[in-house]
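See structure below.
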Amino acid sequence: MSHQPFESWIFSQDPLEIEQKNTLQAHLESCQSCSQLSGALMEMEKVFNDSPAISPAPGFTQRWQTRLELARQQRQQKRMWLLTLGLFGGATLTLVALFLLNQPQINLAYHFSQCVVTIARLTSFLNQLWPTFQSLVTNLPILIPIMVIFGTGSLIAVIVLIIAWFSSILKLYQPVQEGVNTR
Amino acid sequence: MREQEALWIEKARTGDDHAFGCLVDAYQRPVFSLCYRMLENSHDAEDAAQESFLRAYQNLKKYDPDRSYATWLLSIASHYCIDRIRKKRLPLVYTDALPPEIVPDRHAPEPEKEIRKSEQEALIQSILSELKPTDRAAIVLQYWHDYSEVEIAEALGLTVSAVKSRLYRSRQALAKAWIKADNSSVTKERRQHESPAF
């Protein structure tokens, strides 16, 4: 048996036309399911409306003021840390710069060119290794049985899952840090 | 009250903590009540209400005086509770599952009434917990704060039609949960009064 549009009329909060009201009333008298739903909704609404607003334990404002003070202290501490870190970083950079500028025997251009040469050598070495790596990848499935590859893969997957599980447990027991959200 | 509230807000915006304390005093009940209905226990509700006021304090400069302060505040509290429910992965059980105000007092003049009230509270919380966080917030704002669909939409950052459909779906789910809870309580009562099998 179809309960539409009656169910919509029961749960919608838009006002019904007189004709709709009469049709719904007639349906409720003959349909036990809709009548039960309508009765439950009315009963529930009555209980909701009769249920009072709940107050916090006395001293809420004082507790809030303590929390505000704590938040301010934490903010202050964070600022101090950032300031200290910034000053320390700045001082270190200045000292390094001064040291380098006061060392005539250090040839910056020479050291820079040495860095470039090292990077170029490393790249050419990797380029030489590339064909070996390619042939290894191509021939590996022939040399090693498929079951060994599958077994190793499964073992790695299990290890990763165990690590993920442990890290999620550790994360769960850490306090949640919430950002400010005032949507 | 409105003028007084506007004065407190103005003073709080200039850094007057006492004025903001007055706002906390005036709105602690609705904010706590909303958090309690959303989070189901007084421990979390207290923490969420405190955090909501802290966020309101930190963002008071962003508040638009043309809007209702209560709606703005309840919007902060609603969003905070919704985020908190979503982030909560495992349900935590607190020993103070009910606030002191609704714990049945057996020495009260009408202990039966107190117990019934407490059972009713537990029933409300249990059926509310079946709803999704945003739907629950819409229902709480409608039934406990007498908010219209437009006000709910403003508080939750939704369109009015989205609020209508959420309320419709929630009322339907709540009525079904109510029937289920009613049936199980009837079965429980019957079992209590049943004669032994022998």
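The values are calculated or read from the model by the stated rules, or taken from the named source; none is laboratory data. Computed from a predicted model, the values in this text were never measured in an experiment. As a convention, Cβ positions derive from the backbone with ideal geometry for all residues, glycine included, and neighbour counts pool all protein chains shown. Surface areas here come from the heavy atoms of the whole protein model, side chains and all, with no ligands, DNA or RNA. Shrake-Rupley method; radii C 1.70, N 1.55, O 1.52, S 1.80 Å.
The modelled label-to-label distance for the pair A:Q36/B:S68, using points 7 Å beyond Cα in the direction of Cβ, is 3.8 nm. Peptide B:47-58 shows a mean partner chain C-beta count of 4 within 10 Å per residue C-beta. For chain A, A:C115 have no disulfide-compatible partner, since no other Cys C-beta lies under 4.7 Å from theirs.
If you plug the beta carbon distance of A:H3 and A:S55 into 1/(1 + (r/R0)^6) with R0 = 41 Å, you get a FRET efficiency near 0.50. Shielding by partners for peptide B:25-33, expressed as the average number of C-beta atoms from other protein chains within 10 Å of each residue's C-beta, is 4. Between A:T23 and A:V47, what FRET efficiency comes out of the Förster formula 1/(1 + (r/R0)^6) with R0 = 45 Å and r the beta carbon distance, rounded to 0.05? For A:V47 and A:T23, the calculated efficiency is 0.95. Considering only A:T152, A:S8, A:P56, and ranking their Cα positions along the charge dipole of the protein assembly as shown that arises from unit charges at the beta-carbon of Lys, Arg, Asp and Glu, the one farthest toward the positive end is A:T152. Taking every protein chain into account, the 1.4 Å probe leaves B:C22 with about 30 Å² of accessible area, to the nearest ten.
Estimated at the nearest 10 Å², the accessible area of B:S129 is 50 Å² with a 1.4 Å probe. Distance between the pseudo-spin-label points of A:S113 and A:R79 (7 Å out from Cα toward the beta carbon): 5.1 nm. In a fully extended conformation the segment linking B:D47 and B:A6 would gain 12.1 nm over its present Cα-Cα distance, using 0.36 nm per residue. Taking amide hydrogens as placed 1.01 Å from N in the peptide plane, the amide H of B:E130 sits under 5 Å from that of no residue at least 5 positions away in sequence or on another chain.
These residues, B:R169, B:R13, go from largest to smallest accessible area, 1.4 Å probe, as B:R169, B:R13. When each full DSSP H helix of chain A is screened for a Cα extent of at least 18 Å along its own axis and an average Kyte-Doolittle hydropathy of at least 1.6, the helices passing are A:146-172. B:K61: which lysines have alpha carbons under 20 Å from its alpha carbon, excluding same-chain residues fewer than 8 sequence positions away? Hits, sequence-local ones excluded: B:K11. Placing a label point 7 Å from the Cα of B:V150 along the Cα-to-Cβ line, the residues of the range B:117-144 whose backbone N sits under 17 Å from it are B:142. Once you've got the Cα coordinates, tell me which of B:K87/B:K117; A:K78/B:K87; A:K171/B:K132; B:K62/B:K87; B:K88/B:K132 are over 20 Å apart. Violating the 20 Å Cα-Cα cut-off are B:K87/B:K117; A:K78/B:K87; A:K171/B:K132; B:K62/B:K87.
At an R0 of 25 angstrom, the distance between the Cβ atoms of B:E110 and A:T66 translates into a FRET efficiency of 0.10. The magnitude of the dipole of chain A, with charges of +1 and -1 set on the Cβ of Lys/Arg and Asp/Glu and taken from the Cα centre, is near 1520 debye. Among the protein heavy atoms, those of B:K87 account for about 90 Å² of accessible surface (1.4 Å probe, every chain in place).
Charge tally around B:I152: other residues with Cβ under 10 Å, Lys/Arg +1 each, Asp/Glu -1 each, net -1.
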